[in-house]
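The structure appears right after this line, and notes come after that.
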Amino acid sequence: MFAIILVRGALVMIPIPLIIKRLPLWKNNRLTHSYCLHQEVMNLACADIRVNIIYGLFVILSVMGIDSLFISFSYMLILKTVLGLVEEASMKAFSTCASHICAVLVYYIPLIGLSVVHRFKSNTMPNLHILFGNVYLLLPPVINPLIYGIKTKQIRHRLKKLYGKIIHRGKNSRNI
């Protein structure tokens, strides 16, 4: 399985730098993102970029489509198995599945948003693609520990305690 996933990833990603390399770029080759993004580099080209657009769209749709299919199929099998368990075990399994689904969505939603924002430019919000790029880069690693950590009793207890202090301070400041 690991070899198949590795080969698939390599086969899909290797053509991207090759089809970018063939494009002549304008003299202004400054990127607005904090990392190199295929969509932005291809927009710096002073040539026809249809091949890049089609291939990029193919990669996004096929990889996300295949991954989504496998994830959905896995969850259907898990759901089928979980429904046959005792109530306490099924609740624990549902909790784990919910955390994983949230983690997957936290990764996929900004990726889809970034792809859409780069394909449809907005004159009203010219820096929207930069915002989405940074959200895609920073949100998943920041949110993942929270998603999985909130299940821990000690962390939940500390968050409730902290939230209680914040609420208590807010009420005291209004009374003054």
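Read-outs throughout are calculated quantities, based only on the coordinates presented, and are distinct from any laboratory measurement. Note that this is a predicted model, so its numbers are computed, not measured. FYI the Cβ positions are ideal-geometry reconstructions off the backbone, even for glycines, and counts take in every protein chain you see.
Observations on the structure shown:
- Loop-located trypsin sites (Lys or Arg not before Pro) in the stretch 1-90 (DSSP state other than H, G, I, E, B) with a sparse environment of at most 13 neighbouring Cβ atoms within 10 Å: Arg22, Lys27, Arg30.
- Nitroxide proxy distance, nm - points 7 Å out along Cα→Cβ at Ile166 and Cys36: 4.0 nm
- Value at 222 nm in deg cm²/dmol, rounded to 500, when DSSP H runs of n ≥ 4 in the chain each add -39,500 (n - 2.57): -26500 deg cm²/dmol
- Listed candidates [x] -0.79, -0.90, -1.02, -1.21; [y] -0.63, -0.73, -0.85, -1.08; [z] -0.89, -0.97, -1.04, -1.18 - label of the one calculated as log10 I(q)/I(0) by the Debye sum over Cα atoms at q = 0.13, 0.14, 0.15, 0.17 Å⁻¹: [z]
- Restricting the stretch 1-95 to chymotrypsin sites (Phe, Trp or Tyr not before Pro) in coil, as DSSP defines it, with at most 14 other Cβ within 10 Å: Trp26, Tyr35
- Axial C-alpha extent at least 24 Å, average Kyte-Doolittle at least 0.0 - helices from the chain (DSSP): 50-82, 87-119, 128-149
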